[in-house]
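The values are calculated or read from the model by the stated rules, or taken from the named source; none is laboratory data. The structure displayed is predicted, hence computed values, not measured ones. When we count neighbours, we look across all protein chains shown, and the Cβ atoms used for this are built from the backbone with ideal geometry, even at glycine.
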Amino acid sequence: MNHETFPGTALIIIDIINTLAFPEGGSLLDQALPIAKNIVDLKRQSRQIGIPVVYVNDNFGKWHSDWKSVYGLCSADESLGAPLAKLLEPFEEDYFVLKPRHSGFYNTCLDVLLGELQVHNLILTGIAGNICVLFTAHEAHMRKYNLWIPSNCTASNTPQENEGAMLHLNQTLQIAIDDFNQNDKELSSTLRRVFKEAQHPSQL
């Protein structure tokens, strides 16, 4: 089957490779497993239409680490987050950006990478919706990227926290918040719709 390509767009997967080594880790795992399965489907469909996949991930204070070391840490049997890491193991052709703080842009090469890829549309997914996804979305908006956050591809410690974060991003920044439909055979048509609605005011 031939698929229409959709240039200028990247799928960003935030902190899904994670140890979850904090008190609320079990709660976040419960919320994240269903959305991780949605991200698997979204990643597959994105790759079919030529959309690059960028993992943006915490370095967990391991300043000498590369992404393979971080993946090994998070996918180890003793890691609470191992089910997520194994479900969404990066492919060799995927990009991986390590971040030191909440935002994917703060002190990272993400903006430069997206420029090299000629990307102006971002699909933001991952965890936690009310922290790292939220911070990354704010910085992406300031950098005039068009944004879509599929609400069933992000999770926080509780559904209420995630819904509150998505409501804030939609009402304050007018970011497109809409479910990803796994049964949608034409992801490119969905992207044309959401990015037309999400077009940054500076691009109108």
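For first residues located in segment 72-88 and in contact (Cβ under 8 Å) with a residue 12 or more places away in the chain, partners that are part of a loop (DSSP other than H, G, I, E, B) and loosely packed, with under 15 Cβ neighbours inside 10 Å and lie 6+ apart or on another chain with Cβ distances below 7 Å form the pairs Leu80/Ala21.
Among residues belonging to segment 128-143 that are in a helix (DSSP H, G or I) and either of a type in the set (A, V, I, L, M) or touching a helix residue (DSSP H, G or I) at 6+ places or on another chain (Cβ under 8 Å) (or both), point out the one that is surrounded by the most Cβ atoms within 10 Å (Cβ to Cβ). Of everything passing the filter in segment 128-143, Val133 is surrounded by the most Cβ atoms within 10 Å (Cβ to Cβ). Taken across segment 2-20, residues that are hydroxyl-bearing (Ser, Thr, Tyr), surrounded by fewer than 17 Cβ atoms within 10 Å (Cβ to Cβ) and assigned to a helix (DSSP H, G or I) do not occur at all.
Filtering segment 22-51 to residues that are of a type outside the set (Asp, Glu), out of contact with any Asp or Glu (no Cβ under 8 Å at 6 or more places or on another chain) and in a loop (DSSP other than H, G, I, E, B) leaves Phe22, Pro23, Gly50, Ile51.
Restricting Ser79, Ser103, Ser65, Ser75 to those that are modelled with pLDDT under 95, surrounded by 14 or more Cβ atoms within 10 Å (Cβ to Cβ) and on the phi < 0 side of the Ramachandran plot reduces the list to Ser65.
Does Thr125 meet the test of being surrounded by 15 or more Cβ atoms within 10 Å (Cβ to Cβ), among the β-branched types (Val, Ile, Thr) and farther than 14 Å from Ile14 by Cβ? Give the derivation first.
Details: surrounded by 15 or more Cβ atoms within 10 Å (Cβ to Cβ): yes; among the β-branched types (Val, Ile, Thr): yes; farther than 14 Å from Ile14 by Cβ: no.
Judged against the criteria, Thr125 is not a match.
For segment 106-155, enumerate the residues that are out of contact with any Phe, Trp or Tyr (no Cβ under 8 Å at 6 or more places or on another chain) and of a type in the set (Lys, Arg). The one that is out of contact with any Phe, Trp or Tyr (no Cβ under 8 Å at 6 or more places or on another chain) and of a type in the set (Lys, Arg): Lys144.
Checked against (1) surrounded by fewer than 17 Cβ atoms within 10 Å (Cβ to Cβ); (2) modelled with pLDDT of 95 or more; (3) not basic (Lys, Arg), Gln48 meets all criteria but (2).
With respect to the conditions (1) surrounded by 21 or more Cβ atoms within 10 Å (Cβ to Cβ); (2) among the small types (Gly, Ala, Ser); (3) part of a helix (DSSP H, G or I), Gly115 lacks only one, and its number is (1).
Count of segment 90-99 residues, restricted to those that are assigned to a loop (DSSP other than H, G, I, E, B) and surrounded by 13 or more Cβ atoms within 10 Å (Cβ to Cβ), is 2. The residue pairs whose first member lies in segment 99-117 and is more than 15 Å from Phe60 (Cβ to Cβ) and free of Cβ contacts under 8 Å to residues at least 60 places away in the same chain, whose second member is of a type in the set (A, V, I, L, M) and surrounded by fewer than 16 Cβ atoms within 10 Å (Cβ to Cβ), and whose beta carbons are closer than 9 Å, counting only pairs six or more residues apart or on different chains, are Phe105/Met142.
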